[in-house]
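**Student:** Please see the structure below; I have some questions.
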C-alpha cells in the first residue's frame, strides 16, 4: 500500500510538471525563440518590424488605436466563433465594424450572439473574384475555420464570395480605416486584388498561412513585397510569426 501511495504522488507531480511545461511551450517567449531558430535554418521568413507605432491588443490582434475613432470603419473577414476583437473596437473605440463569414458553423454561432449596433454581420466571404467558392470544413468538430478549396469534395460547401471592391461599393465605403483578414490562405488573392484596385486601407491586420501545404513562404514574401511597394510598413509581428499588423504610410 505505501508503494502505491508513492506511485500516485509521482503521477500527480508528473501531471503538474507537464501542465507547467505546456504553459512554457505556449508562451510568447517560446514562440519567439522557435520562430527565430527557424529563421536561422531558413525554415521561416526573415521579416522584422519596420516602424514603431502605438499598439493595443484585443482578441489576439494588435493594432494602432490612434488611427481609430467614432467615425472610423473597419472590416473583419473570418469570424468563426470569435468576435472579441471586433466587439472591442466598437465598444471601446466607437468604430463601426462590418464582419463577414459565410460558413455554416459561423452563421449558427452568430445567430446566438447579441451584437451591438456598431457591429454588423454579413453572410458572405471575400475572394479575388465575385461568385462562389468551395469551402472545406475543419476536420475537428470543435474547430471553426473553413478553408477555401479549388474544387468540390464530399464535405465541401459552395458559398458566396465577393471581391473587396464590390463589397465596399455595396456598403457605400470608399476607404477603410482597418481591414482584418483571417481567411485561411485566401488572403494572398485578396491582397493582390486590393492593391490592384487602389483601395485605400489605413491599417491592415492579416494572418498569413505560408505554413499550409501547397502555399509556402514565397507567397507571403511576395505579398509583403507588394504591400511594401504600396506604402505599407510592418509595425507588429506575432511571436509565432503568422499575424502581421501593417500601417499605410505616404510613399517615399
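**Student:** How far is the Cα center of region 168-238 from the Cα center of region 41-101, in Å?
**Tutor:** When both Cα centres are located, 13 Å separates them.
**Student:** Restricting things to alpha carbons, find the Rg to Rh ratio for region 149-200 using the Kirkwood radius for Rh.
**Tutor:** Rg/Rh for region 149-200 comes to 1.03.
**Student:** What per residue convex hull volume, in Å³, do the alpha-carbon atoms of region 53-248 yield?
**Tutor:** It is 118 Å³ per residue.
**Student:** How would region 122-233 be classified by its alpha-carbon gyration tensor: rounded, prolate or oblate, with rounded meaning a/c under 1.5 and the a/b versus b/c comparison settling the rest?
**Tutor:** oblate
Coordinate-derived values only; no laboratory data. On a predicted model such as this, the values are computed, not experimentally measured, just so you know.
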